[in-house]
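**Q** Take a look at this one; I'll ask things after.
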Amino acid sequence: MLILDQQAVTDLLPMRECIDLMVSTLSALARGETILPLRTVVLIPDTNDAFAVMPAYIASPKTMGAKIITVYPGNHGTQYDSHQGAVLLFDPNNGSLAALLDATSVTTIRTAAVSAVATWLLARQSASSLAIVGAGVQAHAHLEAMCAVRPITSLRVWSRTAANAERLIDVARSKFNLDASFAPSCADAVRDADIVCTTTSARAPVLFGEWLTPGTHINAIGASQRSARELDTQCVVRSRLYVDRRESALKEPGDTLVPLEEGAITPDHIVAEIGEVAIGRGEGRRDEREITLFKSLGLAIEDLAAASYVYDAARRAGAGVEVELGGARLEAH
């Protein structure tokens, strides 16, 4: 078994390559070439924390395995990431465990890459102004991902932690040469923005529909449980809604479940899965004034596709640590 740590995954999974990989993976989902059960989530009593198991299978290239992860929103601002765990890859020919990869880095990179796919398909071609709400790990990844698919020239950041916002602004200026600034409020950050990314651990809405400008594209990635929301109901109602997967969006996140339970939207408010748009089976943006919203939950096929890519790259580069875990049939003595 090959073990690949956080640095190895980061080195072997460049954002541009991961974006292309996510296009093909989500397209495979839309064509019915994957097996993807809903994730199993154990909610830790008396906390906002969760433990989740996410298995999947991809037909081509043949890939199977699971991500096993904890989600601890309270880790924000500590030495620990909110998402920690491992991605397990199994050999599809003999069932042996082939690799164990750090899940934090896989999750970070592929989440932003999927948002980039949605932005590439849905945002206006001329979109150049970016607003990021939240300034943690995903904010940094989304900054890189958005700059990869649109001609971004300016950034406004709003975060409850000013020091984190300033670090993100410094990176935007030094690495991407953006006109970057700190916004005094979330409303100020998103006003007139072409692209908005919400990357928070919020339990209650931080982005409100009344603030949105016609033509905006939104990537909402922070909330994945029924008890958490980044978007108010009006934000969802005003937008053409796209998801990574319908079944997940209708059963898991508060961002869609609350408007559904309020009767403000129906399941038909989901225009398409983003993979359906990629293969031409779903309709994308229709005009320059529409507000488009991509609600991201994260799918196990995304993790496995990214992990498989890293595993192959590691084999070619001689990276990682080999461990003899077992699994071979032992001879009787």
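The values are calculated or read from the model by the stated rules, or taken from the named source; none is laboratory data. Computed from a predicted structure; not experimentally measured. Here the Cβ is made from the backbone with ideal geometry for all residues, glycine too, and neighbour counts use every protein chain on show.
**Q** So for region 105-120 (the condition being within 15 Å of the chain's Cα centre (by Cα), surrounded by fewer than 22 Cβ atoms within 10 Å (Cβ to Cβ), in contact (Cβ under 8 Å) with a residue 24 or more places away in the chain and on the phi < 0 side of the Ramachandran plot), does at least one residue qualify? Full working, then the answer.
**A** Taking region 105-120 and keeping what is within 15 Å of the chain's Cα centre (by Cα), we get 105-120.
When the remaining residues are screened for being surrounded by fewer than 22 Cβ atoms within 10 Å (Cβ to Cβ), the result is 120.
Filter once more, keeping what is in contact (Cβ under 8 Å) with a residue 24 or more places away in the chain: 120.
The next check asks that each one be on the phi < 0 side of the Ramachandran plot; those that pass are 120.
Looking through region 105-120, at least one residue is within 15 Å of the chain's Cα centre (by Cα), surrounded by fewer than 22 Cβ atoms within 10 Å (Cβ to Cβ), in contact (Cβ under 8 Å) with a residue 24 or more places away in the chain and on the phi < 0 side of the Ramachandran plot.
**Q** Condition first: of a type outside the set (A, V, I, L, M), assigned to a strand (DSSP E or B) and closer than 23 Å to T47 by Cβ. Can you find one or more residues in region 198-208 that meet it?
**A** Within region 198-208, one or more residues are of a type outside the set (A, V, I, L, M), assigned to a strand (DSSP E or B) and closer than 23 Å to T47 by Cβ.
**Q** If I go through region 263-283 residue by residue, how many of them are under 21 Å from I19 (Cβ atoms) and touching an Asp or Glu at 6+ places or on another chain (Cβ under 8 Å)?
**A** Residues flagged as under 21 Å from I19 (Cβ atoms) and touching an Asp or Glu at 6+ places or on another chain (Cβ under 8 Å) within region 263-283 amount to 6.
**Q** Follow-up question, since we're still on this one. Take region 234-267 and flag every residue that is within 28 Å of T40 (Cβ to Cβ) and charged (D, E, K, R).
**A** Our first condition is that a residue be within 28 Å of T40 (Cβ to Cβ); within region 234-267, this holds for 236, 241-262, 265-267.
Passing the criteria: D244, R245, R246, E247, K251, E252, D255, E261, E262.
**Q** Report whether or not A28 is touching a residue at least 24 places away in the same chain (Cβ under 8 Å), touching a Leu at 6+ places or on another chain (Cβ under 6 Å) and surrounded by 15 or more Cβ atoms within 10 Å (Cβ to Cβ).
**A** no
**Q** Right, here's the next one. Has region 300-308 got any residue that is farther than 28 Å from Q125 by Cα, at pLDDT 95 or above, among the hydroxyl-bearing types (S, T, Y) and surrounded by 21 or more Cβ atoms within 10 Å (Cβ to Cβ)?
**A** Yes, because at least one residue in region 300-308 is farther than 28 Å from Q125 by Cα, at pLDDT 95 or above, among the hydroxyl-bearing types (S, T, Y) and surrounded by 21 or more Cβ atoms within 10 Å (Cβ to Cβ).
**Q** Here is a follow-up. Here are some conditions: (1) in a helix (DSSP H, G or I); (2) closer than 30 Å to S96 by Cα; (3) within 17 Å of the chain's Cα centre (by Cα). G275 meets all but one. Which one does it not meet?
**A** Of everything listed in (1) in a helix (DSSP H, G or I); (2) closer than 30 Å to S96 by Cα; (3) within 17 Å of the chain's Cα centre (by Cα), G275 misses just condition (2).
**Q** A further question on this structure: Just give me the residues in region 64-101 being surrounded by 23 or more Cβ atoms within 10 Å (Cβ to Cβ), in contact (Cβ under 8 Å) with a residue 60 or more places away in the chain and of a type outside the set (A, V, I, L, M, F, W, C), in sequence order.
**A** Answer for region 64-101, where residues must be surrounded by 23 or more Cβ atoms within 10 Å (Cβ to Cβ), in contact (Cβ under 8 Å) with a residue 60 or more places away in the chain and of a type outside the set (A, V, I, L, M, F, W, C): G65, K67.
**Q** Moving on to the next point. So which of R167, R203 ends up being assigned by TED's automatic domain parsing to the domain that holds A278 and touching a Ser or Thr at 6+ places or on another chain (Cβ under 9 Å)?
**A** R203
**Q** Which residues, taken from region 266-292, are of a type in the set (V, I, T) and either buried (at least 17 other Cβ atoms within 10 Å of the Cβ) or free of Cβ contacts under 8 Å to residues at least 24 places away in the same chain (or both)?
**A** Across region 266-292, the qualifying residues are T266, I270, V271, I274, V277, I291, T292.
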